[in-house]
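To start, the structure itself, in structure tokens.
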Amino acid sequence: MPTMTMIEAIRDALDVKLADDPGVVVFGEDVGFFGGVFRCTAGLQKTHGIERVFDTPINESAIVGLGVGMAAQGMKPCVEIQFADYMYPGFDQISQEAARLRHRSNQQFTCPLVIRMPTGGGIYGGQTHSQSPEALFTHVAGLKVVVPSNPYDAKGLLIAAIEDPDPVIFLEPKRIYNGPFYGHSAGEAAGWSSRPEAQVPEGRYTVEIGKAAIRRPGSAITILAYGTMVFIAEEAVRQTGIDAEIIDLRSLLPLDHAAIVQSVEKTGRCVVIHEATRTSGFGAELAAEVQEACFWHLKAPIQRITGWDAPYPLAAEWDYFPSPQRLGRALIRAMED
Amino acid sequence: MVVGEAKLNFPGPPARPGGAPDFSLIEVPEPGVLPVPPLDIDAEASEPFAKGMIRVLDDAGNAVGPWADGMGSLDPAHCVQGLIDMLRMRIIDQRLLNAQRQGKSSFYLQCTGEEAIGCAFQRQLSPGDMNFPTYRQQSLLIAADYPLAALMGQIYANDCDPTEGRQLPTMHSSRDYGFFSISGNLGTQYVQAVGWAMANALSRNGQIAAGWIGDGATASNDFHSALLTASVYQPPVILNIVNNQWAISTCTAIAAGASRTYAERARGYGVPALRVDGNDYLAVAAVSRWAVERTRSGLGPVAIEWFTYRTAAHSTSDDPNAYRPRDEAAMWPLGDPVERLKAHLIGRGIWSEQQHAQKQAELFDEIVTTQKEVEQHGTFVNPRPFSPAKIFEGVYAHLPDHLRRQRQEMGY
Ligand SMILES: Cc1ncc(C[n+]2csc(CCOP(=O)(O)OP(=O)(O)O)c2C)c(N)n1
Ligand SMILES: [Mg+2]
């Protein structure tokens, strides 16, 4: 089985779907000839032609709006927003149009649209290349929101997203495009090749949207993570030696409620981690879910490790980005309670 | 009757890597043919200016036509100042690019080939006027005599940076030097410039505003919002469009569509518009002076398309050889702004090769000296961090309780 980076896995998913469904079209800024600023669509225009893979003007509301129009006719557009930080001009089309078309037309019109966007920090990108806006999407009824954390899931989830009958926001944690990231800002950049999740089967396969994965089974405490934070969790466990169960949510909406409840009922403790700002972040939703479903099993308060409630900094990036040390301290605190 | 079938159009550049650069579709009008219009020109009457191109310097370096002498931009001291500004800008860009390559900063972005636009425009503004620049208008700061240490400190994100490492390198901010805080989100600030200018008019302060946008970002919603509101309220704003032919890897046709010029697009909103040779310092200076006079006199907004070419990569994260011919920049029909002004000044006998070389060496020394001092305050490879507690400063005027608690959680 070939080993792939996340970028290659995403490109492969698009290639597979472009080949087997003539309704699939791929477009966005710099996506066509050049193949995207992160190269996720490199070569696709050459293989599938300019009518299937093309460049757009710099207008995110146009990118999403064109996608809604095409999807409503039954095509399967998979569009790219260059950075999640630039989706805001398209947010009207996403939250008010794509998300609600099925419901408001009583299913006369639907919107099988996929909107891909790189998300998250850790790349010295400052406040306009580092944001994690997932909670803005999970707050919208009618959207699905997925966040793969490795090449295998990226390909399987993207194919599932393209085949999904409803709009899917596909968030790509850019820090781990080329390899897992364990929070050592100045140190090594480990590639994907040594990780089993980088073994990506050829051709079509799917990872079901709405299903979490247990990345590390454990009995002491449950860590709920997604995207880059899955690796921060692995590293915190390595540093503290605490027998934590790491759950990679993979899909935020719909959420794998059963997997979360099963784990927390077993461990009785829970820490939530994400890069996004804390207040009204997705961690608040997770903490509420756990509290409602597992209250009588809890032995310690649920903790949230998140980005601070400030704009994403440049110089102070590593004081902002949730580190394995911060998560480790939370794990130790939870174990003492 | 011809019966056809709907088919989509996908614009692209005339040449790709491996091909020969081709600028045959670009019309370069003779310099000196367009008159200086009355200051109160309306959109309708500006049609020839929006379709043509105001140029002053001819190929031999002579300043020709009504714009050359009409606007007083031929004053020798002013011309030499312009050349020095552009030389400084170019050396600074080169030095900061090298610093990034050495790992001393995380990112850089040059304005090479576009120096004339910001340098000449800024010299026509007055204190109190406000630019709303993009990341490629550092030349405005140079011609505003912005302290070099502050400019470089921002690139190194050290304590010489007045914004204390908050933003990506090149996202400067200087209220005192008429440079509005840059946002990385394209287009947003174009309409803010109109709002600022409306406030100028409402408070009768005599100041004007200047919005800046790239050709690619004219596609953004806010470009259209800005032109519409400028047309409706007639505030004292100059809406600049820097058409450097590229937006990262996409050629300008992707933003222009089937329309002919960006100036024409502005005119469609009822805003008078001019198109100008942006690599001609004297044309930029003359048109800027005219536009400043018009807006400050209460005659309403004006849009200017500066026609130029992005000689360098989009940024240090980009490799243009992947999407355009390697030697395209060298073939750009409007030449290089520094070389053109230099030839003009030498032709007039107010500058010489020797003076040029000497000035260049002087500027280089001055810039390198400052750069070394600024690097002592910390670089990307050798950072001297701010207190992490700074993250919480300025989120609000007063630190709310939840941020105080988060700061404590952080350990400060
Ligand atoms: C809203 C938004 N979308 C996308 C981007 C990513 N981006 C940064 S610069 C750029 C190209 C801009 O081209 P242009 O406006 O022509 O300016 P130039 O870089 O040529 O000066 C793009 C697409 C962004 N910064 N903001
Ligand atoms: Mg451009």
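How charged is the neighbourhood of residue B:218? Take every other residue with its Cβ under 12 Å from the Cβ of residue B:218, and add Lys/Arg as +1 and Asp/Glu as -1.
Values: positive: B:265; negative: B:215, B:222, B:264, B:305.
Summing Lys and Arg as +1 and Asp and Glu as -1 gives -3.
Residues whose amide H comes within less than 5 Å of that of residue A:145, counting only those at least five positions distant or on another chain, are A:169, A:252, A:253 (H built at 1.01 Å from N in the peptide plane). The lysines within cross-link reach of residue A:266, meaning a Cα-to-Cα straight distance under 17 Å and a gap of 8 or more places when in the same chain, are A:299. Calculated [222 nm] ellipticity per residue, helices only, for chain A: -9500 deg cm²/dmol; basis is -39500 (n - 2.57) per DSSP H run with n ≥ 4, divided by all residues, nearest 500. Surface listing: A:240, A:47 arranged by accessible area from highest to lowest gives A:47, A:240, probe 1.4 Å.
Take every residue in peptide A:302-315, count the Cβ atoms of other chains within 10 Å of its Cβ, and give the average of those counts.
Going residue by residue through A:302-315 and averaging, the value is 6.
In loop segments of the stretch B:135-210 as defined by DSSP, the trypsin sites (Lys or Arg not before Pro) with at most 11 further C-beta atoms inside 10 Å of their C-beta are B:175, B:204. Taking amide H atoms as placed 1.01 Å from N in the peptide plane, the amide H of residue A:304 lies under 5 Å from those of A:272, each 5 or more residues away in sequence or on another chain. Backbone geometry of the stretch B:171-185 corresponds, through the Karplus equation with coefficients 6.51, -1.76 and 1.60 at θ = phi - 60°, to 3J(HN,Hα) couplings of 8, 6, 8, 8, 4, 5, 9, x, 10, 5, 3, 6, 9, x, 7 Hz, x marking Gly and Pro.
Given a 1.4 Å probe and heavy atoms of the protein chains only, how would you sort A:46, A:266, A:144, largest accessible area at the top? Provide the component values of the computation, followed by the final result.
On the way: A:46 190, A:266 110, A:144 50 Å².
Result of the area sort, largest leading: A:46, A:266, A:144.
The phi torsions of the stretch A:55-70, fed into the Karplus equation with coefficients 6.51, -1.76 and 1.60 and a -60° offset, translate into couplings of 7, 10, x, 7, 8, 5, 6, 5, 4, 6, x, 4, x, 4, x, 5 Hz, rounded to whole numbers, with Gly and Pro shown as x.
Annotation: amide H-H contacts under 5 Å for residue B:384 (H modelled 1.01 Å from N, sequence separation of 5 or more, or interchain): B:379.
So, counting K/R as plus one and D/E as minus one, what does the shell of residues with Cβ under 11 Å around residue B:160 add up to? Display every interim value, and only then the final one.
On the way: positive: B:384; negative: B:159, B:161, B:164, B:373, B:375.
Residues near residue B:160 contribute -4 overall.
Of the options B:220, B:99, B:80, report the single residue whose Cα projects farthest towards the positive end of the charge dipole of the stretch B:47-381 (beta-carbon charges: Lys, Arg +1; Asp, Glu -1). With unit charges placed on the Cβ atoms, the residue in question is B:220. To the nearest 10 Å², what's residue B:24's accessible area with a 1.4 Å probe? Roughly 90 Å² of residue B:24 is accessible to a 1.4 Å probe. Per residue of A:125-136, other chain Cβ atoms within 10 Å of the residue Cβ number 3 on average.
As a test of the formula, what do you get for chain B when each DSSP H run with n ≥ 4 contributes -39,500 (n - 2.57) and the sum is divided by the residue count, at 222 nm and rounded to the nearest 500 deg cm²/dmol? Working shown, then result.
Values: 14 runs with 159 residues, N = 412.
Estimated from H runs of four or more residues: -12000 deg cm²/dmol.
Taken one residue at a time, the phi angles of the stretch B:260-265 give Karplus couplings (6.51, -1.76, 1.60, θ = phi - 60°) of 8, 9, 5, 4, 4, 5 Hz. Gly and Pro are set to x. Excluding residues fewer than 8 places away in the same chain, name every one of the aspartates and glutamates whose C-alpha is closer than 14 Å to that of residue B:51. Within the straight-line cut-off, residue B:51 pairs with B:27, B:30, B:264, B:277, B:305.
Residue B:224 exposes around 60 Å² of accessible area when a 1.4 Å probe is run over every protein chain in place. Relative to the longest principal axis of the Cα atoms of chain A, helix A:229-240 runs at roughly 20 degrees. Straight-line cross-link partners of residue B:372 among the aspartates and glutamates, defined as a Cα under 16 Å from its Cα and at least 8 positions apart when in the same chain: B:93, B:159, B:161, B:362. So how tilted is helix B:281-296 from the main axis of chain B? Cα-based, degrees 0 to 90, rounded to 10. Between the helix axis and the principal axis of chain B, the angle is about 80 degrees.
Neighbours of residue B:270, meaning other residues whose beta-carbon lies under 11 angstrom from its beta-carbon, give a summed charge of -1 when Lys and Arg score +1 and Asp and Glu score -1.
Remark: mean inter-chain Cβ contacts per residue of B:404-411 equal 3, using a 10 Å Cβ-Cβ cutoff to other protein chain atoms.
What do you get for the angle between helix B:337-347 and the principal long axis of chain B? Use alpha-carbon atoms, 0 to 90 degrees, nearest ten. Orientation of helix B:337-347: about 60 degrees from the principal axis.
Counting heavy atoms of the protein chains alone, residue B:91 has an accessible area of about 20 Å² for a 1.4 Å probe.
Can you compute the FRET efficiency between residue A:51 and residue B:22 using 1/(1 + (r/R0)^6), with r the Cβ-Cβ distance and R0 = 35 Å? Round to the nearest 0.05. The formula returns an efficiency of 0.90 here. Remark: for residue pairs A:76/A:144; A:155/A:211; A:144/A:211; A:76/A:211, the C-alpha separation exceeds 19 Å in A:76/A:211.
For a modelled paramagnetic label at residue B:51, 7 Å from Cα along Cα-to-Cβ, the residues of the stretch B:248-283 in reach, with backbone nitrogen under 20 Å, are B:256-277.
Going from most exposed to least, what order do B:3, B:237 have by accessible area with a 1.4 Å probe?
On the way: B:3 125, B:237 0 Å².
From most exposed to least exposed: B:3, B:237.
The values are calculated or read from the model by the stated rules, or taken from the named source; none is laboratory data. Predicted, not measured: the structure shown is a model, and the values here were computed from it. Here Cβ is always computed from backbone atoms with ideal geometry, including for glycine, and neighbour counts include all displayed protein chains. The area values use the complete protein model at the heavy-atom level, side chains included, leaving out ligands, DNA and RNA. Shrake-Rupley method; radii C 1.70, N 1.55, O 1.52, S 1.80 Å.
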